[in-house]
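Since the structure comes first, as structure tokens, the remarks are kept for the end.
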């Protein structure tokens, strides 16, 4: 299968992996096709964001900002099946445990959530909720669409800059499959979306989200000597919440103006 064929075949895989939708019965993904699906993560994120926007506009007619934001955060968790939040918890538990690299990876693989994982989950969800409560239209609409896309795109720079912690698994698969199409296409998707939604200032939000994701990955890679699928999940959640915070901060200072949804 050529690189282009794998790239095209990756779209339904990305949709099934990142959402509850099941377009076809696939028992097992071929590794290189699964890696190619990462190119579509930002596009799927944009679809999720559009769904959030529609839900937000419906809920805002019925509820005040606090409950509306809580339901949006809950919807995001349900859409992903809790996959990324599980990565937050497992990564926090693995980095917090006392022991060597092998012990940390064992704790992350075990999946039982400990105190560090619970704390990390609470903090990530609280930051996301606070940011959404603070956002107001018309900037709010663009942020709801862009945030999920930036979170899912953040996997690409992390996979490009950090080696996988295990010789096999999701980290290795994604790391090996970024070029020649995955990284450029995914990055172009978020760059175009950011500019369309917020003009040139949107690129600043992209950079902030990337920095947040890379900081998470750097902390993990220092102790694990690489990144894992759980680290990717943590990167998605942290980058998404940070992107929303960046929009809040920029809006407070009139540094950002909505474009497409303004």
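Mind telling me which of the residues 218, 234, 243, 212 ends up being out of contact with any helix residue (DSSP H, G or I) (no Cβ under 7 Å at 6 or more places or on another chain) and on the phi < 0 side of the Ramachandran plot?
218
Filtering the range 1-21 down to residues that are part of a loop (DSSP other than H, G, I, E, B) and at pLDDT 75 or above, which residue is farthest from the chain's Cα centre (by Cα)?
21
Within the range 69-106, track down each residue that is over 19 Å from the mean Cα position of the chain (by Cα) and surrounded by fewer than 20 Cβ atoms within 10 Å (Cβ to Cβ).
If the condition is that a residue be over 19 Å from the mean Cα position of the chain (by Cα) and surrounded by fewer than 20 Cβ atoms within 10 Å (Cβ to Cβ), then 96, 97, 98, 99, 100, 101, 102, 103, 106 are the ones that fit.
Residues in the range 146-169 that are out of contact with any strand residue (DSSP E or B) (no Cβ under 7 Å at 6 or more places or on another chain) and buried (at least 24 other Cβ atoms within 10 Å of the Cβ): how many?
So the count comes out to 12.
Answer yes if at least one residue in the range 220-227 is at pLDDT 95 or above, over 15 Å from residue 153 (Cα atoms) and buried (at least 18 other Cβ atoms within 10 Å of the Cβ), and no otherwise.
Checked the range 220-227: no residue is at pLDDT 95 or above, over 15 Å from residue 153 (Cα atoms) and buried (at least 18 other Cβ atoms within 10 Å of the Cβ).
The values are calculated or read from the model by the stated rules, or taken from the named source; none is laboratory data. Quick caveat: nothing in here was measured; it's all calculated off a predicted structure. No Cβ is skipped: glycine too gets one built from the backbone with ideal geometry, and neighbour counts run over all protein chains shown.
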